[in-house]
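Worksheet: the structure to be examined is printed underneath.
Laboratory data are not the source of any read-out in this text; all were calculated from the coordinates shown. These figures come from a predicted structure and were not determined experimentally. Here Cβ is always computed from backbone atoms with ideal geometry, including for glycine, and neighbour counts include all displayed protein chains.
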Amino acid sequence: MLAVRTDAGNQAVMFTLADSALPSDVGANGSMVIGSFRNGGGFYWMPTTGVVFIGGKNAASVSRDGKTIIGTAFDQRMSQAAIWLRTAEWKVLGSIAPNALPCDELLSSALGSSADGKVIVGLAWNTCDTARAFRWEESTGMVDLGSTVPGRSSRANGVSGSGKVVVGWQEHDTGPRLGARWVDGRQTVFTGAGPSGFVGEAHAATTDGSMIVGQSCRFGDSLDQSAWIWTAAGGVVCLPSPRIRLPLFYTGAAFAVSDDGRVVGGNQGFGLESEAVIWIDRVPHYLKDYLRANGVPNAFEGWVNTGGVFGMSRDGRVLVGSGAGPTDFTGYVVILPPLGDPQ
């Protein structure tokens, strides 16, 4: 683990993770990081343990207390949504039908979990013809959230901390992925200000589901590179990137949001070319620039790019992400200084 030292107090802190460990989420009040190795397999990291291999195919999400890790693991040569048990053991969760058939080796994958780890969401298959968003809990098993467009797919990318609001996407009848949410199993597609009237896929929600973030605010507008945030009171609001990048195919995406909505993390990317972006009180900053201005002058020095921010603590202080480091893809953890009062 390479640490980048800063002064304590009102300065930021950044350190990197060893062994190509690429983070996806953070729990236990920011003291536990989980994710996947570049070459496969999940891990957790804590200050007292360093990076610990936990097997499986990947680790996607961790409960608020750090006791439940979910992801994807192999069973009978099929990859399935799963809950980590111990060492390299996982409990697989199957699919949306008792005798579901995989698409190649893919049967299901877990992508998000509630604060207590008891509700799990993701993508499930039943042959390559059926790909559906799912919601799982012990009492119901894996429930197909369906598709509102016949013959098209859906996927759940995340769920509110309460487990009540599922977020993800619904495939349009012409193919694009439209941002969607499910409440009590009922789907609603987000509407936006772009030429299509829709926004891109939703990625994350706050604990109560009152704020949701996602990518491609003005869906269908090739000049737009904004992410978005939705609130129950205000609907969809675009989160602009710090600047427009060329070529004009870059996409703005938000993958994580603090519970008060003041901090949003994501990226501005085009394929493997991607820079991490944070929005503080809706104001965009490239993560590298923000850190260099707030106590980490050598942040990301020698890196090809900073990738993206993919998870954060509920208070928005601890961010996790990964990017293209000097010699390999590298994970990082950032601790932001305390925010001042909202402007």
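Assorted remarks:
- Distance (nanometres) between label positions extended 7 Å along Cα→Cβ at D315 and N39: 3.8
- Per residue, the convex hull around the alpha carbon atoms of region 77-210 comes to 111 Å³.
- P(r) weight above 18 Å for region 241-342, C-alpha pairs, percent: 43
- Percent of Cα pairs exceeding the 16 Å cut-off, where the set is region 163-271: 53
- Dimensionless Rg/Rh of the chain - Kirkwood Rh, Rg from C-alpha atoms: 0.95
- Coordinate range of the alpha-carbon atoms in region 127-195 per principal axis, descending: 41, 31, 16 Å.
- Formal net charge of residues neighbouring A232 (Cβ-Cβ distance under 14 Å; K, R +1; D, E -1): +1
- 222 nm mean residue ellipticity, helices alone, for the chain (DSSP H n ≥ 4; -39,500 (n - 2.57); rounded to 500): -500 deg cm²/dmol
- Put simply, when 77-85, 139-147 are sorted by average Cβ atoms within 10 angstrom per residue, most first, you get 77-85, 139-147.
- Rg ratio for region 1-152: its Cα radius of gyration over 2.2 N^0.38 Å, N being its residue count, equals 1.15.
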